[in-house]
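Enquirer: Structure in structure tokens, see below.
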Amino acid sequence: MNNTNNINYWNKITGIKKHPLTFIHTPKCGGSFVTSILSTLNIKSKGHTLADPKNDGITFTVIRNPIERFESLINYRLTESKPRCDFPKSLHYAYKDTSISLNEIVGKMTDSEILGFTPYRSLCFWSENIDIFITIDKLEEFLSFFGYKINITEFQHINVSKKTRGKFNEATKKRISNLYSDDMVLYRRVILD
């Protein structure tokens with residue numbers, strides 16, 4: 001897989017596939033914010049649904065560093081009024097006890113609990129049939145390349161995780177990086193190469 005977060009790759013894709021653009025919302029990667037922008041441009045967003053290579057035209061998604069993504073998910077979930085069904089039952093008490101840090105909570109989760117959130121899933125899961133991966137900082141340039149003029153600073157960010165339980169320490173980052181090692185490889189290959 002190539003770095004898809006640049007104009008050279010976008011030129012290559014437009015030589016292979018044609019419009020329309022279709023956005024696939026990878027959870028906790030800024031997708032609600034992106035969807036609000038795309039709706040003003042009449043660009044299709046499929047939400048949390050996998051891309052269909054036969055019917056979706058040029059598919060794209062926004063991704064972010066897998067460690068930051070998981071940190072955002074847990075912080076976001078802990079601000080909800082009650083735990084969702086995929087949150088470990090043994091940690092439901094942490095919703096009410098805000099003195100428990102993010103690192104303590106994740107430290108008490110099993111590997112399978114960390115990997116079991118829905119519709120969160122891995123970046124690799126959401127990458128199926130995606131033509132272009134971009135980072136949020138490239139969104140305006142990406143849309144401009146495809147002929148859409150927009151100032152993204154005019155849009156309000158949506159579903160941003162408040163870091164009320166803190167940020168991951170190095171030990172937690174290492175654990176998440178190991179658990180999401182395939183996602184780390186994908187992120188580095190399509191974004192950083």
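The values are calculated or read from the model by the stated rules, or taken from the named source; none is laboratory data. Please read these numbers as outputs of a predicted model, since none were measured by experiment. As a convention, Cβ positions derive from the backbone with ideal geometry for all residues, glycine included, and neighbour counts pool all protein chains shown. The area values use the complete protein model at the heavy-atom level, side chains included, leaving out ligands, DNA and RNA. Shrake-Rupley method; radii C 1.70, N 1.55, O 1.52, S 1.80 Å.
Enquirer: Any idea of ASP137's accessible area? Nearest 10 Å², probe 1.4 Å.
Expert: Per-residue accessible area (ASP137): approximately 120 Å².
Enquirer: Given a 1.4 Å probe and the protein chains all in place, what does the accessible area of ARG189 round to, in Å² to the nearest 10?
Expert: Per-residue accessible area (ARG189): approximately 100 Å².
Enquirer: Using only DSSP helix segments of four residues or longer, with each worth -39500 (n - 2.57), what per-residue ellipticity at 222 nm results for the chain after dividing by its residue count and rounding to 500?
Expert: On the way: 9 runs with 71 residues, N = 193.
Computed ellipticity for the chain at 222 nm equals -10000 deg cm²/dmol.
Enquirer: So if each residue of separation counts as 0.36 nm, and I subtract the Cα-Cα distance between LYS163 and SER181, what length gain in nm does that give? Display every interim value, and only then the final one.
Expert: Details: separation 18, 0.36 × 18 = 6.48 nm, distance 2.38 nm.
Extra length from LYS163 to SER181 when fully extended: 4.1 nm.
Enquirer: So for ARG84, ARG165, what's the accessible-area order with a 1.4 Å probe, most first?
Expert: Numbers: ARG84 90, ARG165 15 Å².
The residues order as ARG84, ARG165, largest area first.
Enquirer: In 10 Å bins starting at zero, report the fraction of Cα pairs in the chain per bin as a rounded %.
Expert: All Cα pairs, binned at 10 Å, distribute as 8, 35, 33, 18, 5, 0 percent.
Enquirer: Sticking with this structure for a sec: Counting only protein heavy atoms, what percent of the accessible surface of the range 42-164 is carbon or sulfur at a 1.4 Å probe?
Expert: For the range 42-164, the apolar C and S fraction of the accessible surface comes to 50 percent.
Enquirer: Right, another one. Using alpha-carbon positions, what is the distance between the centroids of the range 143-193 and the range 1-28, in Å?
Expert: The distance from the Cα centre of the range 143-193 to that of the range 1-28 comes to 17 Å.
Enquirer: Assign unit charges at the C-beta atoms only (+1 for Lys and Arg, -1 for Asp and Glu), then state the dipole size of the chain relative to its Cα centre in Debye, rounded to the nearest 20.
Expert: Numbers: 27 positive and 20 negative charges, 47 e Å.
Result for the chain is approximately 220 debye, rounded to the nearest 20.
Enquirer: Around SER90, with a cut-off of 10 angstrom between Cβ atoms, what is the net charge of the other residues, counting Lys and Arg +1 and Asp and Glu -1?
Expert: On the way: positive: LYS89, LYS108; negative: GLU113.
With Lys, Arg at +1 and Asp, Glu at -1, the neighbours total +1.
Enquirer: Right, here's the next one. Given the convex hull over the Cα atoms of the range 86-152, what projected area results after averaging over all orientations, in nm²?
Expert: On the way: hull surface 29.1 nm².
Taking a quarter of the hull surface, the average projection is 7.3 nm².
Enquirer: Here is a follow-up. Cα axis of helix 66-78 to longest principal axis of the chain: angle in degrees, 0 to 90, nearest 10?
Expert: 60 degrees
Enquirer: Now for a separate question. Loop-only GluC sites (Glu not before Pro) in the range 1-84, please: DSSP not H, G, I, E or B, and at most 12 other Cβ atoms within 10 Å.
Expert: Loop-located and lightly packed - GLU80.
Enquirer: Tell me the per residue accessible area of the chain using a 1.4 Å probe; a whole number in Å² is fine.
Expert: Values: 9740 Å² over 193 residues.
Averaged over the residues of the chain, the accessible area is 50 Å².
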